[in-house]
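Have a look at the structure below before the remarks.
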Amino acid sequence: MTVGLLTSWKVSVGLLQKKCGSMQAEKHFTAHLRELVASPTGLPDYDITMDAGQVTFYHREGRMAEFVKPPAPVPVIEALEPPAPSKRSIMLSESAIDRVKDLAPGWDKYYLERAYCAWAADKEPAHNEDARFFGWAKSFTKGKRP
């Protein structure tokens, strides 16, 4: 969707610095802008001038610059692949599977059960498989979104 056609646009040095995400002190950012203005190459397609804390960008050769509104960002969702079947039989109690949702809110308890079984398949059996499942679930889901 076209927002408008412009041949030039003006912005304050402070706002430009914020939009660029620069963490430099403003005086250093301004110095770099002055170097860019003085550079014969500058920015492709634009001439730049600075005057009294304002930066003006002019589209070169009188061509019209078409500014297009970018599409809304699409959220990136990582697919969780189901784990491979386990090599040994791992027995978790029904109450442990039901209670894991308190340790990992938002996570699918059956996915966690399958992932744990795949992880524990080549491990030695635990004295208390439910307790090890709870510890694993806390560690596995910590800092991750379901």
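Of everything listed in (1) at pLDDT below 85; (2) acidic (Asp, Glu); (3) not in a loop (DSSP other than H, G, I, E, B), the single unmet condition for ASP98 is (1). Pairing each residue of the range 135-146 that is assigned by TED's automatic domain parsing to the domain that holds TYR111 and among the basic types (Lys, Arg) with any residue that is surrounded by 10 or more Cβ atoms within 10 Å (Cβ to Cβ) and in a helix (DSSP H, G or I), provided the two are 6+ apart or on different chains, yields C-beta distances under 8 Å for LYS138/LEU103. Quick one: in the range 115-146, of everything that is among the charged types (D, E, K, R) and at pLDDT 90 or above, which residue is surrounded by the most Cβ atoms within 10 Å (Cβ to Cβ)? It comes out as ARG132.
Close contacts from the range 111-133, counting a first residue that is in contact (Cβ under 8 Å) with a residue 12 or more places away in the chain and β-branched (Val, Ile, Thr) and a second that is surrounded by fewer than 18 Cβ atoms within 10 Å (Cβ to Cβ) and assigned to a helix (DSSP H, G or I), with Cβ to Cβ under 9 Å and a gap of 6+ residues or different chains, come to none at all. Look through the range 27-63, keep the residues that are part of a loop (DSSP other than H, G, I, E, B) and either surrounded by 10 or more Cβ atoms within 10 Å (Cβ to Cβ) or touching a Gly at 6+ places or on another chain (Cβ under 9 Å) (or both), and return whichever of them is modelled with the lowest pLDDT. Checked the range 27-63; the qualifying residue modelled with the lowest pLDDT is GLY42.
The values are calculated or read from the model by the stated rules, or taken from the named source; none is laboratory data. Since the model is a prediction, treat every value here as computed from it, not as a measurement. Reconstructed Cβ throughout: ideal geometry from the backbone, glycine too, with neighbour counts over all protein chains shown.
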